[in-house]
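What follows draws every value from the coordinates through simple rules; no lab data is involved. The model shown is predicted, which means the values in this text are computed figures rather than measured ones. Note that each Cβ is placed from the backbone with ideal geometry, even for glycine, and that neighbours are counted across all protein chains shown.
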Amino acid sequence: MTDQPMVRFDNVSKRYGPLTVLDGLNLDIMRGEKVSVIGPSGSGKTTVLRMLMTLEKINDGVIWVEGEPLTHMERNGKLVPADLAHVRRVRGKIGMVFQSFNLFPHMTAMQNCIEAPVTVLGMKRAEAEARAAELLGMVGLSQKKDHYPSQLSGGQQQRVAIARALAMRPKIMLFDEVTSALDPELVGEVLQVIRQIGREHDLTMLMVTHQMGFAREFSDRVCFFYQGKICEQGPPAELFGAPKNERTRQFLNAVL
Ligand code: ADP
């Protein structure tokens with residue numbers, strides 16, 4: 001049971017018209033594993049996260065979460081496309097943080113963090129508020145809980161977005177270039193929060209990042225994407241220290 005992957009992409013392909021964005025992706029992510037996805041722009045990194053969040057339909061293959069199909073469901077021993085209720089239930093295990101924060105602008109930090117727990121999970125308001133206060137404290141924003149997004153810096157907004165995702169008690173967290181929209185001096189505070197939640201050993205994390213130093217120091221495994229495929233993957237010390245593939249070497253030379 002313990003060696004069952006938390007997430008499995010089984011031969012997953014994604015096409016937009018004639019453009020193949022992901023080409024037969026196979027990727028297993030184990031419980032508690034921290035995986036970074038790196039690669040050139042357009043190589044399909046964000047699409048991987050969006051498919052897992054069911055924001056994009058897949059064309060071929062099956063995505064599994066904790067041994068259960070996400071994109072499909074079993075009917076009479078066969079896998080058929082999943083219905084909405086099934087997708088919602090399985091996707092409930094996954095939280096995502098986006099590059100552009102995506103906070104509700106008309107709600108305070110606290111309200112942003114309790115909205116979904118109350119309306120989607122049916123949590124009691126007081127319980128949701130207590131949990132949100134704890135999470136806002138964890139991301140260093142206790143003092144800002146009644147502020148609206150427009151009253152917060154980008155780094156603070158992103159930390160609220162992380163607290164909001166965690167409020168849904170996900171088992172898997174997806175981070176999509178979460179520091180890319182930030183001024184350089186605000187990147188560190190967001191990475192520090194990610195490091196901190198990474199200490200939750202059970203939480204599985206998959207992140208697309210341009211922060212090579214962070215990927216190297218934080219991840220258990222790094223996947224280098226090139227043209228819709230995993231071109232090379234391995235522990236960060238190996239992938240960054242001694243890349244085997246010429247494409248990986250070229251990419252790392254260009255960005256490091
Ligand atoms: P990355 O995150 O590695 O930069 P993406 O996963 O965002 O790459 O995109 C992979 C490819 O898919 C790109 O060529 C992009 O232009 C294309 N793409 C992404 N979304 C769409 C869409 N909705 N319609 C058409 N093409 C898309």
Might you report the magnitude of the Cβ-based charge dipole of the chain about its Cα centre, with Lys and Arg at +1 and Asp and Glu at -1, to the nearest 20 debye?
380 debye
What does the convex hull of the alpha-carbon atoms of the chain project to on average, in nm²?
14.9 nm²
Pairs K45/K145; K57/K78; K34/K124; K57/K244; K171/K244: which exceed 29 Å Cα-Cα?
K45/K145; K34/K124; K57/K244; K171/K244
Please report the relative contact order for region 105-169, taking Cα pairs under 8 Å with a sequence separation of at least 6, and give it as a percent rounded to a whole number.
49 percent
Suppose a student asked you for the relative contact order of the chain, using Cα pairs under 8 Å spaced at least 6 residues apart; what percent would you report?
25 percent
Neighbour-limited loop hits for trypsin sites (Lys or Arg not before Pro), region 23-112 (at most 13 other Cβ within 10 Å; DSSP other than H, G, I, E, B)
K57
Over all Cα pairs of region 105-169, the Kirkwood radius sets Rh, and Rg/Rh then becomes 0.93
Can you tell me the length gained on complete extension of the stretch D83 to S142, counting 0.36 nm per residue apart and subtracting the Cα distance?
17.3 nm
Can you give the relative contact order of region 10-54 as a percent, counting alpha carbon pairs under 8 Å and 6+ residues apart?
28 percent
Between N59 and D220, what is the FRET efficiency for a Förster distance of 25 Å, r being their Cβ-Cβ separation, to the nearest 0.05?
0.25
Contour minus Cα-Cα span, L256 to A133, at 0.36 nm per residue, comes to 40.4 nm
With DSSP loop assignment and no more than 13 other C-beta atoms within 10 Å, the trypsin sites (Lys or Arg not before Pro) in region 170-209 are R199
Under a point spin-label approximation (7 Å from Cα along Cα-to-Cβ), what is the E115-R15 distance to one decimal in nm?
3.7 nm
What FRET efficiency would be calculated for the residue pair Q99, R75, taking the C-beta separation as r and a Förster radius of 45 Å, to the nearest 0.05?
0.75
